[in-house]
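Visitor: Here's a structure for you.
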Amino acid sequence: MTDRANPWRLPVAVAQIPETGLQRDLEADRATLDAMAAVAGLREILSANASFEVTPQSGGRFHVAGRVRARVGQTCVVTLDPIENDIDETIDLIFAPPEQIPQLATLVDDAAESEDDIPDPPEPIENGMIDLGRLATDVLFLAIDPYPRKPDAVFEPVVVAADPEDHPFAALKALQLDDKPSSGKKPGKR
């Protein structure tokens, strides 16, 4: 059974990860692909798979590295034709116990002030679990092109012929015509 908000799930209990680490491969089934497409607002997701290496680190932290690949069906924003796009994203994250997150986030902020490469902030380990399916889904969703277009699609705006009466001062001209006296004489004082 799939969860509407998190259709692709593979929770891994961190207590069961061996010291040597573990490797997991995921392949989304048709029901999961359809549910993910609905959540992402896509025409369809044709395939999605992920491969992860989870390695324990000191302090109860875990390094998760891997790759997410997918083929998604979208609609070209220029031609409105159906198109397919490939997604191939790498993952390199640290998961940490929730109580370590503020301290580790401070280290990331400090690194941002230096000229060194800025590491990503750690992700929290929730209820002793790392959900590799949810991680794969998040990475896939972030990689989707929000404005997909066919390689040869060119947007050409509609050209409208200019109306000679349509200009910034047209309203003033209309007022000027309305204010002219009908007799041609200037109104005098009485």
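The values are calculated or read from the model by the stated rules, or taken from the named source; none is laboratory data. Just so you know, these numbers come straight off a predicted model, no measurement behind them. Positions of Cβ are generated from backbone atoms using ideal geometry, with glycine treated the same way; all protein chains shown enter the neighbour counts.
Visitor: Within the group 24, 61, which residue is surrounded by 15 or more Cβ atoms within 10 Å (Cβ to Cβ), closer than 28 Å to residue 98 by Cβ, within 28 Å of the chain's Cα centre (by Cα) and modelled with pLDDT under 95?
Guide: Working: 24 fails: modelled with pLDDT under 95.
Result of the check over 24, 61: 61.
Visitor: Same structure again: Would you say residue 81 is more than 21 Å from the chain's Cα centre (by Cα) and acidic (Asp, Glu)? Walk me through how you get there before you give the answer.
Guide: Numbers: more than 21 Å from the chain's Cα centre (by Cα): yes; acidic (Asp, Glu): yes.
Taking the combined requirement at face value, the residue satisfies it.
Visitor: Can I ask one more? Would you mention how many residues in region 48-94 are in contact with a helix residue (DSSP H, G or I) (Cβ under 7 Å, 6 or more places away or on another chain) and hydroxyl-bearing (Ser, Thr, Tyr)?
Guide: 0
Visitor: Looking at region 79-103 only, could you name the residues that are at pLDDT below 90 and touching a strand residue (DSSP E or B) at 6+ places or on another chain (Cβ under 6 Å)?
Guide: 98, 101
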